[in-house]
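> Structure incoming, see below.
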């Protein structure tokens, strides 16, 4: 009888311990509002800041994902906005030296690059804490597959879309 009670107690402790661990792992989201543009129910473009929380010591990345059969082109420049509680306010990024280059993202590809958001917020909005978003325009293109060299070539222009990537500064 005593061994059965000990076994039952051990099982209960394991169950309580596992459920407590499970709750802790669900507490912090990695990303929040990704900008998404759907072509169909299963095809989309998305742009996110990962992790979603930006701080003085954080290393953040912007992640652009193309889950379509369409090509995307875009430049480095983006706009920055701050949410004041009721409206989005534009934060002018005067003096940023953007590299004037056109980048491309082909079908079913994802690109990631480091982005130093805290230094931008510090310089252009006095390190003000709160909710921000990046805004960038992307052009969609039909693609041609060049069989001779086995690569995709950007083709005719379809339309321009705008994606927003939100994040929090703490």
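> How far apart, in nm, are the 7 Å Cα→Cβ label points at residue 170 and residue 53?
Those two pseudo-labels are separated by 0.2 nm.
> Give me the Debye-computed log₁₀ of I(q)/I(0) at q = 0.10, 0.15, 0.18 Å⁻¹ for region 29-169, equal point scatterers on Cα only, no solvent, two decimals.
Result of the Debye calculation: -0.37, -0.78, -1.05.
FYI, it's all coordinate maths here, none of it is from the lab. Everything numeric here is computed off the predicted structure, so don't read it as measured data. Don't worry about glycine lacking a Cβ; one is built from the backbone with ideal geometry, like all the others, and counts go over all protein chains shown.
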